[in-house]
Each structure stands twice: as structure tokens, then as C-alpha cells.
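K.L.:
Here's a structure for you.
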Amino acid sequence: MRIGIIDGHPDRDPSRFCHALADAYADGAGEAGHQVRLLRLADLEFPMLLDRVSWEAPHVSHDLAEVQTLVAWSEHLMIVHPLWLGAAPARLKALLEQVFRPGFAFGAGQAMSARLTGRSARIIVTMGMPAPVYRLWFGAHGLKALKRGILAFVGFRPIRDTMIGGVESLNAARRQAWLSTVRTLGFRGR
């Protein structure tokens with residue numbers, strides 16, 4: 001299977017748990033013989049969309065073309081990101097707005113057909129609060145927006161998620177347990 005990974009943490013600091021999770025998923029997938037490509041949001045340069053003209057015009061960024069190539073190549077896409085104010089970081093949302101454009105991800109104009117069907121996805125979200133609190137009390141609206149409003153809209157199915165709560169308080173054993181779990185998900189291509 002061809003697995004594309006987007007490490008959606010905007011901070012280059014190598015100690016960020018999202019980076020370790022992306023690497024663990026890639027390692028597990030590679031061990032299973034899957035073809036793996038990983039891109040890190042923190043390494044990408046691209047402009048923000050500020051108006052409809054920019055949204056409808058072809059992008060001119062090499063990094064955006066690289067992400068679109070990754071998405072088009074992938075049979076399974078994994079996105080990992082921290083939860084910031086209830087949703088993905090703004091920079092990750094800006095990337096997704098640029099990448100999942102009309103003409104690439106869905107038909108433009110009246111033909112709003114999904115163009116990325118036949119692909120599955122997993123979203124891994126890290127957060128400071130307990131994951132059940134985010135899902136049950138807050139309704140996981142940021143995660144739902146990414147799953148339904150972007151990935152399902154352009155054709156991804158199934159879309160699975162993993163939420164890792166209390167990341168600031170994870171001890172070394174719990175961090176290792178999560179890395180092992182994520183490595184297994186990568187191994188299974190899930």
C-alpha cells in the first residue's frame with residue numbers, strides 16, 4: 001500500500017510528540033513493506049488564501065505541488081496534529097485549504113464530484129485535555145470538520161481517528177505505549 005503522512009505540527013522543535021508519532025507510523029508502515037512518504041508542515045512554505053480569486057487560481061508553490069503529489073499518490077493518508085483551541089492549528093488548516101482545491105480534490109462549478117475516492121485516512125490528534133472530554137463534552141468539532149468537511153467531502157473513506165489526551169502529562173512509559181500503538185497502526189496500514 002502507498003501511505004502518505006502529513007505531520008501537521010507547525011513547530012520544528014524535534015521534541016514535539018506529533019513528530020515522534022509521525023515517525024512511529026512511518027516506521028511501522030515501512031516494516032510491513034508499505035511504500036511511505038512523509039511531509040512535515042513545519043518544513044513547508046506556502047501563502048495563505050485570502051480571497052476567492054486566489055482560491056480559484058492555480059497555486060504556484062512548489063511545496064503545495066509536493067503535498068498534492070503526495071495526496072494523489074497515497075492510497076492511505078495519515079494526518080497527525082495537535083489540538084489548538086479545539087481544532088487543527090491554523091497553519092495546517094491553511095495548507096489543507098490550498099491543497100484540497102477545486103480541480104484537484106473535487107470538481108469545480110456545478111460538478112462538485114469528489115476526485116479522491118478510493119483512499120482511506122487516519123487522523124491522529126494530540127491534546128492537553130483528556131480525549132473523552134474532547135469527544136463527549138466538546139463534541140470533537142474540529143476533528144469532525146477535518147473528517148467530514150474536508151476528507152469525506154473529497155472522497156476519502158473510511159476515515160478513522162485516534163485521540164491522544166493529556167500529552168503534557170504522559171510519562172515515558174505512556175509515551176512509549178502510544179508510539180507502539182501508532183507503529184502498529186502504520187504496520188497495518190490503518
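K.L.:
Please list log₁₀ I(q)/I(0) at q = 0.11, 0.18 Å⁻¹ for segment 46-190, using the Debye equation with identical point scatterers on the alpha-carbon positions.
P.N.:
Here the Debye-derived log intensity ratios amount to -0.47, -1.13.
K.L.:
May I pose another question? What are the ³J(HN,Hα) values, in whole Hz, obtained from phi via the Karplus relation 6.51 cos²θ - 1.76 cosθ + 1.60 with θ = phi - 60°, for each residue of segment 41-58 in sequence order, with x given for Gly and Pro?
P.N.:
So the Karplus estimates, Gly and Pro as x, are 3, 4, 9, 9, 10, 6, x, 7, 7, 10, 7, 5, 4, 5, 4, 8, 7, x Hz.
K.L.:
What number comes out for accessible area per residue over segment 142-190 if the probe is 1.4 Å? Units Å², please.
P.N.:
54
K.L.:
Once you have the Cα-Cα distance between Ser169 and Trp137, take 0.36 nm times their residue separation minus that, and quote the gain in nm to one decimal.
P.N.:
My answer for the length gained is 9.5 nm.
K.L.:
Could you give each residue of segment 92-99 its phi-based ³J(HN,Hα) in whole Hz, using Karplus coefficients 6.51, -1.76, 1.60 with θ = phi - 60°, and x for Gly or Pro?
P.N.:
Result, ordered by residue: 5, 4, 4, 5, 5, 4, 6, 6 Hz.
K.L.:
Still on this structure, I have one more. Taking amide H positions as placed in the peptide plane 1.01 Å from N, state which residues far from Ile5 in sequence (5 or more) or on other chains have amide H under 5 Å from it.
P.N.:
Long-range HN contacts for Ile5: Arg37, Leu38, Leu39, Met78.
K.L.:
Further question on the same structure: Need one number: % antiparallel among DSSP beta bridges in segment 27-179, to the nearest 5.
P.N.:
Of all bridge pairs located within segment 27-179, approximately 10 percent are antiparallel.
K.L.:
What shape does segment 137-190 have by the C-alpha gyration tensor, where a ≥ b ≥ c are the square roots of the eigenvalues, rounded means a/c under 1.5, and otherwise prolate means a/b greater than b/c and oblate the rest?
P.N.:
Since a/c reaches 1.5 but b/c is at least a/b, the shape of segment 137-190 is classed as oblate.
K.L.:
Please report, as a whole percent, how much of the solvent-accessible surface of the chain comes from carbon and sulfur atoms (probe radius 1.4 Å).
P.N.:
For the chain, the apolar C and S fraction of the accessible surface comes to 56 percent.
K.L.:
Sticking with the crude label model, points 7 Å out along Cα→Cβ, report the distance from Arg190 to Ala90 in nm, one decimal please.
P.N.:
About 3.7 nm separates the two model spin labels.
K.L.:
Could you tell me whether segment 49-98 comes out rounded, prolate or oblate from its Cα gyration tensor? Rule is a ≥ b ≥ c as square roots of the eigenvalues, rounded for a/c under 1.5, then prolate if a/b exceeds b/c, otherwise oblate.
P.N.:
It comes out oblate by the Cα gyration axes.
K.L.:
How large is ³J(HN,Hα), in whole Hz, for each residue of segment 150-157 in order, when computed from phi with the Karplus curve 6.51 cos²θ - 1.76 cosθ + 1.60 and θ = phi - 60°, using x for Gly and Pro?
P.N.:
10, 5, 5, 4, 9, x, 5, 6
K.L.:
Still on this structure, I have one more. Collect residues whose amide H, placed 1.01 Å from N in the peptide plane, falls under 5 Å from the amide H of Trp84; neighbours closer than 5 in sequence don't count.
P.N.:
none
K.L.:
Give me the one-decimal nm value for the distance between modelled label points at Ser61 and Asp13, 7 Å along each residue's Cα-to-Cβ direction.
P.N.:
Using points 7 Å along Cα→Cβ, the separation is 2.3 nm.
K.L.:
Taking only DSSP H segments of four or more residues, each worth -39500 (n - 2.57), what value at 222 nm results for the chain once the sum is divided by all its residues, to the nearest 500 deg cm²/dmol?
P.N.:
The per-residue figure over the chain is -10000 deg cm²/dmol.
K.L.:
Multiply the residue separation of Glu97 and Lys144 by 0.36 nm, subtract the distance between their alpha-carbon atoms, and state the gained length in nm to one decimal.
P.N.:
Taking 0.36 nm per residue and subtracting the Cα distance, the gain is 15.3 nm.
K.L.:
Okay, moving on. Pop a pseudo-label 7 angstrom from the Cα along the beta-carbon direction at both Gln176 and Glu75 and give the gap in nm to one decimal.
P.N.:
In this crude spin-label approximation the distance works out to 3.4 nm.
K.L.:
Which residue fluctuates most in the GNM of the chain (Cα springs below 10 Å): Val67, Val167, Val53?
P.N.:
So, out of Val67, Val167, Val53, the one fluctuating most is Val53.
The values are calculated or read from the model by the stated rules, or taken from the named source; none is laboratory data. None of the values given here were measured: they were computed from a predicted structure. Because the Cβ atoms are built from the backbone with ideal geometry, glycine has one as well, and the counts that use them run over all protein chains shown. We work out accessible area using only protein heavy atoms, side chains counted, and drop any ligands, DNA or RNA first. Shrake-Rupley method; radii C 1.70, N 1.55, O 1.52, S 1.80 Å.
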